[in-house]
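Peer 1: The structure under discussion is supplied below as structure tokens; questions concerning it will follow.
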Amino acid sequence: MFKNALAILAAIILFLYPAICRAKDIPPGRWWHVPYFVEQLQITDEQKDELDKLFDYNRNRLAELKKQMEQERSELIKAFDQEHLNESTAITQMKKLENTRTLLAATRFSYSLELRKMLGHERFQRLKTLYRNWPGVQQPPNHQ
Amino acid sequence: MAKKINHLDEQQIIEAVIDERGLDAGLRRHLFECSACHAEMKALQAGLDRFGKISREGAPEHFRKPTISELGTGVFKPVWKIRPSLGIGVAFASILALLLSPLTLNRERIYTLDAVYQEMLQDDKFMTEIEKLEENPLPRFYVDTDPGDDDKEIQNPGTMRDNDSVTQDGGSRDV
């Protein structure tokens, strides 16, 4: 059951992979507290609260999965590098790592998805355009 | 010869019931000493009281004098004295409201622009790590071989002879 669910999830992610690749179109961090984005996109206080919650949840989950992946990776490398190779252990470990990777991709994608739902089509497109034209965090705040 | 004071008449008895101070000192002294006059005054007083009671009970609703409850008599009592639990609740709610008010929770004070920029840089770095991990969770060695390795193998002096340059498809190459 769980394997089937993971397989479906993996298929969805592969299907939506181009969208995931475009995640860099979205500014990092809490951009909704930067006046440049807030004014242009008319982000309300309620939306700021919702975005804060979404960001906190998503980044905490990603951090957990990253840690989990790193542990599983080190276990896989250990199994792989043993003098007497246990093939089944290595394969099982690889599968675990792949499952976690799928979850990681899904979690990363879910953030973009929630953001897209919250902002709507027009504002989401505008966010991407604004981010492309943004001078960046190196600029002093009064230059925004 | 001492002046003899007569018993109080009906009018004087009524006056004594309403306000004894309206009588002169001699009559008041007589009322105090004379048991008959005193008893007559008490009887009238009791009759009036009884009559008042009957009138209060028997009078129609709209004729009755409105009564004011004890709480509303104008004597101020603080709420925490009347209902301590309510007082504690009100105090707690006030403190909570103050703590959660927009004046106390200034969003921009928590998320200063500098802090937001710092977090953006850190998040960018974090997301780059996530992307790398997502693309390939293993070191490259465990997944495939570097395309450059083939060239190294071909050019390995131990496996090559002079003028025998071998292409990747196995054909010989003229130099």
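The values are calculated or read from the model by the stated rules, or taken from the named source; none is laboratory data. Because the structure is predicted, anything quoted here is derived from the model rather than measured. So basically every Cβ, Gly included, is an ideal-geometry build from the backbone, and we count neighbours across all protein chains shown.
Peer 1: For the range A:44-101, name all the residues that are in contact (Cβ under 8 Å) with a residue 40 or more places away in the chain and closer than 20 Å to B:PRO137 by Cβ.
Peer 2: A:ASN58, A:ARG61, A:LEU62, A:LEU65, A:ASN99, listed by residue number.
Peer 1: For the range A:40-92, give me the residue count where each residue is farther than 16 Å from A:MET118 by Cβ and part of a loop (DSSP other than H, G, I, E, B).
Peer 2: 5
Peer 1: I've got another one for you. Filtering the range A:75-119 down to residues that are of a type in the set (Gly, Ala, Ser) and modelled with pLDDT under 90, which residue is surrounded by the fewest Cβ atoms within 10 Å (Cβ to Cβ)?
Peer 2: A:SER88
Peer 1: Does any residue of the range A:37-49 turn out to be hydrophobic (A, V, I, L, M, F, W, C) and within 11 Å of another protein chain (Cβ to nearest Cβ)?
Peer 2: Within the range A:37-49 (the criterion being hydrophobic (A, V, I, L, M, F, W, C) and within 11 Å of another protein chain (Cβ to nearest Cβ)), the answer is yes, since at least one residue qualifies.
Peer 1: Can I ask one more? Can you name every residue in the range A:89-132 that is more than 23 Å from B:GLU129 (Cβ to Cβ) and within 11 Å of another protein chain (Cβ to nearest Cβ)?
Peer 2: A:ALA90
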